[in-house]
Amino acid sequence: MGGRTCPHCGRALGTVTRSIGGRPYEVEESCTCDGALADVERRRAAEADAARVRAASGAVRRSGMPERFWSVPRDGDGLAALAARGFGLYLYGPVGTGKTYTACGVAKAWVWDHTTTYDGREYVAPPFRYRSVPRLLQEMRECYDGHGDQAELAGALMRCRLLVLDDMGQESPTEWALERLWEIVDQRWSNRRPTVVTSQCSPAQLVQRLASRGSLRTAESIVSRLCGAESEVRRIDGPDRRAQSDV
Ligand SMILES: [Zn+2]
């Protein structure tokens, strides 16, 4: 041993005896000068930060978000828009303008913002779900055919704190599926749980799309919940990310 000194104040550090479980142990002495205590504080903060990253990224991975979007940067601007209006964000525009990318960035920022700790160590992320709407409609069809639990599927999407519905309006739901969609959207709206939607359709086009096999009134109600006064509606004409990365 020998020769250990505090890098901050230069004090020679020996060992001290600690009682652990009733038995004495020799442990290395740690300095209590300001520099050494600041070191401990910094290490604690870095550990807490890493714990928050683990909790938030775990929630993103379990959400159903496709893996290629896990690493998109957190979109603080989109999050601010979501937070300012209350509980909805409707992003629409042509194919390939990065709507999904934007939605995932907003969701990641939201999850990060709501990942909190009570004791400075254990971070808990809020339940968050991502669903591509064509896939959701497929899951609903399976439930309708008796191959799944519709109540469980809808319950998870109603209860989660944040829901991303990607590519809404790409296909027209059946009357039954439209009703199930309405229940999810309305429950979330009633409980002030934010929903982020991407679509190729403007709100008016979405009504037509949703109503083509079901009730116009239900379609209008869904769109008024998703795109109403408490939601931020944004047209996205950004660069074509798909085209850029493919060329
Ligand atoms: Zn010291």
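The values are calculated or read from the model by the stated rules, or taken from the named source; none is laboratory data. Computed from a predicted structure; not experimentally measured. Cβ: placed from backbone, ideal geometry, glycine included. Neighbour counts: every protein chain shown. Ligands, DNA and RNA are excluded from the accessible area calculation, which covers all protein heavy atoms including side chains. Shrake-Rupley method; radii C 1.70, N 1.55, O 1.52, S 1.80 Å.
Filtering the range 1-12 to residues that are more than 8 Å from the ligand (Cβ to nearest atom) and part of a loop (DSSP other than H, G, I, E, B) leaves 1, 2, 3, 4. When the residues of the range 47-56 are filtered to those that are among the charged types (D, E, K, R) and open to solvent by 60 Å² or more (accessible area, probe 1.4 Å), the one that is farthest from residue 107 (Cα to Cα) is 47.
Criterion applied to 213, 193 was being open to solvent by 60 Å² or more (accessible area, probe 1.4 Å), closer than 28 Å to residue 109 by Cα, in a loop (DSSP other than H, G, I, E, B) and charged (D, E, K, R), and the one residue passing it is 193. Restricting the range 113-153 to residues that are of a type in the set (A, V, I, L, M, F, W, C) and open to solvent by less than 60 Å² (accessible area, probe 1.4 Å) leaves a set whose member that is nearest to the chain's Cα centre (by Cα) is 128. Can you work out which of the residues in the range 32-46 that are surrounded by 12 or more Cβ atoms within 10 Å (Cβ to Cβ) and over 15 Å from residue 11 (Cβ atoms) is nearest to the ligand (Cβ to nearest atom)? Only one residue tops the list, namely 40.
Given the criterion over 20 Å from residue 95 (Cα atoms), at pLDDT below 95 and open to solvent by 40 Å² or more (accessible area, probe 1.4 Å), identify the matching residue among 229, 243. Matching residue, one of 229, 243: 229. Given the criteria over 30 Å from residue 118 (Cβ atoms) and either within 14 Å of the ligand (Cβ to nearest atom) or in contact with a Pro (Cβ under 8 Å, 6 or more places away or on another chain) (or both), does residue 17 qualify? Yes: the conditions hold for residue 17. Can you confirm whether the range 61-71 contains a residue that is open to solvent by less than 20 Å² (accessible area, probe 1.4 Å), touching a Phe, Trp or Tyr at 6+ places or on another chain (Cβ under 7 Å), more than 16 Å from the ligand (Cβ to nearest atom) and within 21 Å of residue 134 (Cβ to Cβ)? Within the range 61-71, one or more residues are open to solvent by less than 20 Å² (accessible area, probe 1.4 Å), touching a Phe, Trp or Tyr at 6+ places or on another chain (Cβ under 7 Å), more than 16 Å from the ligand (Cβ to nearest atom) and within 21 Å of residue 134 (Cβ to Cβ).
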